[in-house]
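The values are calculated or read from the model by the stated rules, or taken from the named source; none is laboratory data. Note that the structure is a prediction, hence the values are computed from the model and not measured. Positions of Cβ are backbone-derived with ideal geometry, glycine not excepted, and every protein chain shown enters the neighbour counts. Side chains are part of the model used for accessible areas, which takes the heavy atoms of the whole protein and leaves out ligands, DNA and RNA. Shrake-Rupley method; radii C 1.70, N 1.55, O 1.52, S 1.80 Å.
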Amino acid sequence: MATVLETPTGTTPTVTPARQGFWRNLWRVLRRKPTRLAGSLIVALFVAMGVIGPFLYPANLPIDAGNAYAGPSGSHLLGTDFQGTDVLALLVTGSRYVLVAAVIAAACTVVVGTGIGLYAGYRRGGPDSVLMRITDFIITIPGLPLLLVLSTLWKYSNPLTMGLVLGVTGWGSVARAVRSQTLSLRERGFIEAARGLGLSTAHVVRKELLPNVAPYVAMNLLISVTVYIYLEVGLFFLGVLPFNENNWGVMINQAVQNGVTQTGQGLSYLLSPLVAILLLTLGIVLLVDAMDEVFNPRLRED
Amino acid sequence: MRRTAVAASVLALCAALTATGCSSSNNSTSKKSGGTFTAILTHIDPKAPINPYNQTTNSFRGYNAMMLGWSKNTATDATQFYPAIAKSWDLASGGTKLTVHIQPNAKWSDGKPVTADDLKLSAAVAYAEGGSAFAAIPGTAGGTVDVKVIDDKTVEFDQNSTKPLNTWFSNVMTMYVLPAHIWSTQVPSDIWDTIHTALTGSAAEAKTAQDTITALGKKLISWGPDKDVSAGPFTLSRVTTSEALLTKNANFFDADKIAPSQVVIKNYQDNSSIVNLLLNGQIDGSVYVAVSESQLDKILAVKGNQVVSGASPVQASLAFNESKKPFDNVHVRRGIAYLIDRAQVTKIGESSSGKASPYPSGLTATQIQGWGVDTSSLNAYSVDATKAASEFQQAGMTQSGGKWMLADGTPFTVPIQTTSDFNDWTSGASNVVAQLKAAGVDATMTASSDYTTYLADLAAGKFTVSWWLTALGPSPYNIFQRLYGSANGWKLGAGGGVAHSAPGQGGNWMGEAESSDITGLGTVNPGELTNQLSQVSADQQKQIVAKLAKFTNDQVPAIAMWDYVNQNFINTNHFTKFPPNDSDVLRQPQGVWMQLGFIQAK
Amino acid sequence: MRKLPLRLAGHLVRALVMIWVVATFTFFLIRQMPGDPVAAQYEQLVQQGMSPDGARNATQLTYGFMPTGSTWSQYTHYLWRLLHFDLGRSTQTLGVSASSEVLTGAKWTIGLVLAGILLSFAIGAVLGVIAATRRSSGTGDALTITGSLFHAIPQFVMALVLITVFTVIWPVFPTDGNVDILVDPGFNGPYIASLVSHATLPALAYALSMFGSYLLTMKSSVISVLGDDFVLAAELRGLTRGIRFRYIARNALLPLFTIFALTIGFMFGGAVFIEKAFNYPGMGVTLVNSIGHRDYSTMNATFLLITAAVIVANILADLLYTAIDPRVRRGGTAGA
């Protein structure tokens, strides 16, 4: 672990404590407010759902045509869908696609955005202008219409492709923000000191700049996941995305098309994925709240 | 302080809006004494021209756009029409000469009478806009070669006598009638000379004439008069982006039959907005809407709402791409047919607006009945795992570990394609997949992003099993065209026959063999038989229909899932005397219902 | 600060270049879309009962409106017409110019979304201040979480819930559409009232789904301003609460204005879900329909309009920020 030259922390809230202390800080902050602990538990639950969930159910979920749109009952905790399949099973097996695509999209956005922002902010000059023009272009292109057009071009029924396509359209604002942070960091002494010591660009970027923008990046990653889940589900709801297996968005689309909002029958089929999304967002929001306090000591209220 | 002020003003605003919201919706239903009839139709675009030929138009069939007659859509007789602008007609000389007598009282909304000149000009416009009976290519089968004005209220249409088609009559009767005194500003006065040159002139002259007509068509399609002049029961007053308002035309020849003084046609966005309007009791007459059982119950629970249904000549089938093995083997196709419980698929896919097809034969249940097809020789393909197993075994498949395998040991998979836009197809396909999986056949479902992409990929032959609408009647030629037409490689060749292209070429994605041997029928070339349907007499049509039904039932190029039910919603709060179930006007817009004496004020 | 006209000129040049880039990109991208609009029209006509031959003839005319020639020549034609502000003809409604199609929808979207944004700005700013000042108590936490939650609720869900509650269960608002057609249009009371009542639910749906981000931004902005030295100085100087509040508010509102300006830019493309749910004939619906029909001209026109709106909004945001924030005016630390 490289030693980070400590600078006076006066007005610079973005300097992180040493990495060994990070997790201890996080744990302390989490424990302070029980809601935050709940948040991280929720997130962990959904991660588990996405990873091992599909293994808990058989590949062919049983149907029961006579019991469609049933409400919650003993045998079907969350009711049934349009052909009598258990909604809980659908929810768990349908989580993987949505979560994987959203995580990949968020990762793509953050990686590309941070990379470009760091490089542009550090190098300045020619590469900076070029990269910023590209970033402007990405920000300016209308995202939703672009996705609508792209959905006809790429048959992305596989969450990896979907995640990449989503992520590629959204990295603009991350790049801009990271660049502006990099620009302000450049003015600080420790960068000069590092260059003076003869450390290479790669070293400076990786070891000096990156840890300083890491807080913003980490929080952005989590928030992006929620944004992309919402975007995915919205597009499935519009009915413009190709798919080949059940997922939360498809469940909502089916429910609405079959008139659940108008008749109230099968409400649990509609609400289960919605509540799942909201719960996951809640968990992430609470977790981000905790991380915010870890990185931003001024917010701590001792 | 600021907070409460903001809150208070927001509350006040809400209260004001609520009051206006209530009052404006109350006002809208009973403004004029004759009553406002609210219908829901299709996509409304205020920029669209008042031109019935444009895809998006402000000339609504049955309201302010009139034809010569309204088809009764009788399954077995395409010549049954209700009078519209044409009061009576005679079809002579073996179906090649049609004499039409115009309604004596027919007038345009500006007072001028409807005369034979209007029909002649309308025919000229039809040549330019591509009406099916009006083609400017010489030698077109079923093409009109001349339109003669006999007197002020009589017109004669002549068909190409060397290649007559029995569909010509209905194609002429469905010609739109346009006001000559308005449209003549856009159509050159020598248009009929140009048309005659195109049909009878030398090759070079004809080509020039045809180009002129095509250019005219392009100019005309986007044109419409500034103010609507209509011979129908209503005239267009006003159009917004979501509604069109039409007012009663006092000069309509049957004006006293028309009860409503205004018609509001609402924009069709998607099913859920129509259902919301129905739940509010705001629609007096709707087009076909597919709703689930629970939605249907809720809609009918609203006071005044009723449903009028009739048979619909539309059927949803799962069609095979026979160029993909092993689906070229008829036993495989039959086996799959034996495994699918079509009643369950219909219940889950289409529920209230569809009925499971009794016999996969390319025909709906009503059509089978109407054409008198003998059902004792047809196989209903009821669910039977044993029969399915024997068919699969005949195809060389084996069962291992409860799953079916192909002869070479790879697992047998049935990939079904649907599209995201059509919820009934998607639900139905999910159910088919579930049923097949439960029977040991691996099946998957993939949805395309939208219908246009679906069609493009379908035509390119990318799918194996896909949804396809069949039995699009009422004309038998149109019905079997869906199975044995261009999608299956049979295209109209020169001289009225058909030419068959190989699978993958010329749009052939179904890949059916050009002819097959059927027990009891011998060798059958379904494409040729289908083509004959447009040329022969009614009795011969019956025989051909029976043959094709047996062929389809035996070869199963497509498994019919459900017959759509033409479900129209009406509301009896303000109007009464709606047509009964199974009435022959149900496939026409409500404007036509009014012209025939239905929809009277309460 | 550089002279304003010079900055403006710089912005304009960059804007024009960006518009050209976007126009080119979307032109080529859209041409890649699979699907033949004529085949789709044909299928639709056949489904509605037209005979196959009739449908074939009817769709022949559409071919006359489809672009011909190599992609490059189509592109040069497109650019040439673009310079003359001619955006081509629609193939959905044959012959109607694409620009009029798009503008018809645009004017409805603007009204709706503007109302929604203003509403969410007001709600978010006010609640954000409360959340910041009461952040250690339950209220603050609850407000923050409420804001995040509402932000997480997808727009279409909000729309559906509002529809179900306010038009089906308790019908006080009209179901759909933008105005009641039976009312004579013009500047009269009933017409305006009808417009407002039809726009209320969609605007509310928009506002409720957007206020969360204003709330959260305001909260963190207020918190960081509260920590700034000048606030402490003001307190030490003995300024009253009211004046201190104004100091805080003016500084804390800065980031919100940029979000505000940027959101206005994104409004054209972003209201699709709500417009679809409420059958509100705005640009989002025009766009979705044109994609379904492969109406290339209308798609290009929509993209251009949205892009132009975003660019203009960005420029305005930049100028606005310069105007309100003196630190930037004096050419201080580099803003992005």
How large, in percent, is the carbon and sulfur part of the accessible surface of region B:66-221 at a probe radius of 1.4 Å? 54
Accessible area (Å², per residue) of region B:66-221, counting only protein heavy atoms and a probe of 1.4 Å: 39
Magnitude of the charge dipole, chain A, Cβ model with Lys/Arg +1 and Asp/Glu -1, debye to 20: 1040
Considering the Cα trace of region C:104-330, what is its radius of gyration and what is Dmax, both in angstroms? 20.4, 67
Taking a cut-off of 15 Å between Cα atoms, list the aspartates and glutamates near B:Lys248, but don't count ones fewer than 8 places away on the same chain. B:Asp110, B:Asp228, B:Asp256
Which of these, A:Gly143, A:Gly53, A:Gly163, has the largest mean-square fluctuation under a Gaussian network model of chain A (Cα springs below 10 Å)? A:Gly143
Here the whole-number average of other chain Cβ atoms within 10 Å per Cβ of B:533-546 is 0
Once the Cβ-Cβ distance between B:Thr99 and B:Lys303 is put in as r, and R0 is 56 Å, what FRET efficiency do you end up with, to the nearest 0.05? 0.70
Going by alpha carbons, how many degrees (0 to 90, nearest 10) lie between the helix axis of C:52-65 and the longest principal axis of chain C? 60
At a probe radius of 1.4 Å, figure out the A/B buried accessible area, summed over both chains, and give it in Å² to the nearest 100. 2200
Extended-chain gain in nm, criterion 0.36 nm per residue less alpha-carbon gap, B:Glu528 and B:Asp226: 104.0 nm
For region C:1-102, which whole-number percentage of the solvent-accessible area (1.4 Å probe, protein heavy atoms only) is attributable to carbon and sulfur atoms? 66
Dipole axis of the protein assembly as shown (+1 Lys, Arg; -1 Asp, Glu on Cβ), positive-most option in B:Ala78, B:Pro188, A:Thr35: A:Thr35
May I ask you to give the percent of accessible area on region B:312-564 that is carbon plus sulfur, with a probe radius of 1.4 Å? 50
Say a paramagnetic label sat at a point 7 Å from the Cα of B:Ala499, along Cα to Cβ; which residues of region B:115-151 have their backbone N under 17 Å from it? B:140-141
Per-peptide average of other Cβ atoms within 10 Å, ordering B:150-158, C:199-207 highest first: C:199-207, B:150-158
Which positions within region B:128-168 get 20 Å² or more of their accessible surface covered by the other protein chains, compared to the chain by itself, with a 1.4 angstrom probe? B:Glu129, B:Gly130, B:Ser132
What percent of all Cα-Cα pairs in region A:223-267 falls into each 5 Å bin, going from 0 up to the bin containing the maximum distance? 5, 23, 26, 20, 16, 8, 2
Can you tell me the Rg and the Dmax, both Å, for the Cα atoms in chain B? 26.8, 92
Calculated P(r) of the protein assembly as shown - Cα pairs past 60 Å, %: 19
Backbone HN-Hα couplings from phi across region B:224-235 [Karplus 6.51/-1.76/1.60, Hz, Gly and Pro as x]: x, x, 5, 10, 6, 10, 10, 9, x, x, 9, 10
Violations at 23 Å Cα threshold for listed pairs B:Lys87/B:Lys107; B:Lys97/B:Lys120; B:Lys462/C:Lys276 -> B:Lys462/C:Lys276
Per residue, accessible area of region A:23-143 with a 1.4 Å probe, heavy atoms of protein chains only, in Å², comes to 45
Report the local net charge at B:Leu548: Lys and Arg +1, Asp and Glu -1, summed over other residues whose C-beta lies under 14 Å from its C-beta. 0
Report the accessible area of B:Leu178, computed with a 1.4 Å probe over the heavy atoms of all protein chains in place, in Å² rounded to the nearest 10. 10
Accessible area lost on pairing A with C, both sides, 1.4 Å probe, Å² to nearest 100? 3800
Per its Cα gyration tensor (rounded if a/c is under 1.5, else prolate when a/b beats b/c, else oblate), region B:312-564 is best filed as rounded
Give me the accessible area buried between chains C and B, both sides summed, with a 1.4 Å probe, in Å² rounded to the nearest 100. 5300
Please give the helix C:37-47 orientation as an angle from the longest Cα principal axis of chain C, in degrees from 0 to 90, rounded to the nearest 10. 70
Return one whole number: the accessible area per residue of chain C in Å², for a 1.4 Å probe. 43
Residues other than B:Gly489 with Cβ under 13 Å of its Cβ, Lys/Arg counted +1 and Asp/Glu -1, net out at -3
If amide H atoms are modeled at 1.01 Å from N in the peptide plane, then the residues at a separation of 5 or more from B:Thr418, or on another chain, having amide H under 5 Å from its own are B:Thr446, B:Ala447, B:Ser448
Just A:Pro127, A:Pro145, A:Pro211 to compare: in a GNM of chain A, with alpha carbon springs under 10 Å, which one fluctuates most? A:Pro145
Please arrange B:Lys550, B:Lys219, A:Lys207, B:Lys355 by accessible surface area, largest first, computed with a 1.4 Å probe and ligands excluded. B:Lys355, B:Lys219, A:Lys207, B:Lys550
Please name the residues of region C:291-310 whose accessible area, counted over protein heavy atoms with a 1.4 angstrom probe, falls by no less than 40 Å² between the chain alone and the full protein assembly. C:Ile291, C:Arg294, C:Phe303
Cβ neighbours within 10 Å from other chains - mean over C:221-229: 2
What helices does chain B hold that run 15 Å or longer along their axis, going by alpha-carbon atoms, with a Kyte-Doolittle average of -1.0 or more, using DSSP H for the helix calls? B:2-29, B:116-129, B:203-221, B:423-438, B:538-555
Of the listed pairs A:Lys155/B:Lys347; B:Lys153/B:Lys577; B:Lys324/B:Lys437; A:Lys155/C:Lys107; B:Lys112/B:Lys219; A:Lys155/B:Lys437, which have alpha-carbon separations greater than 22 Å here? A:Lys155/B:Lys347; B:Lys153/B:Lys577; A:Lys155/C:Lys107; B:Lys112/B:Lys219; A:Lys155/B:Lys437
Region B:66-221 - Rg (one decimal) and Dmax (whole number), Cα, Å: 15.1, 44
Evaluated at 37 °C with a viscosity of 0.692 mPa s, what Stokes-Einstein diffusion coefficient in µm²/s does region A:110-267 have when Rh comes from the Kirkwood expression over alpha-carbon pairs? 182
For peptides B:568-576, B:520-528, A:268-276, A:188-196, sequence by mean Cβ density within 10 Å, most packed first: A:268-276, B:568-576, B:520-528, A:188-196
With B:Tyr381 itself left out, Lys, Arg at +1 and Asp, Glu at -1 over residues whose Cβ is under 9 Å from its Cβ give +2
In degrees rounded to 10, the 0-90 angle between helix A:267-295 Cα long axis and the longest Cα principal axis of chain A is 20
Can you give the average number of partner chain beta-carbon atoms within 10 Å of each beta-carbon in peptide C:189-197, as a whole number? 4
Could you state the orientation-averaged shadow area of the convex hull built on the Cα atoms of region A:40-121, in nm² to one decimal? 7.5
In the Gaussian network model of chain A, springs joining C-alpha atoms below 10 Å, which of A:Glu245, A:Glu208, A:Glu232 carries the largest mean-square fluctuation? A:Glu245
Want the number for C:Phe28 to C:Tyr191: 0.36 nm per residue separation, take away the alpha-carbon distance, what's left? 54.4 nm
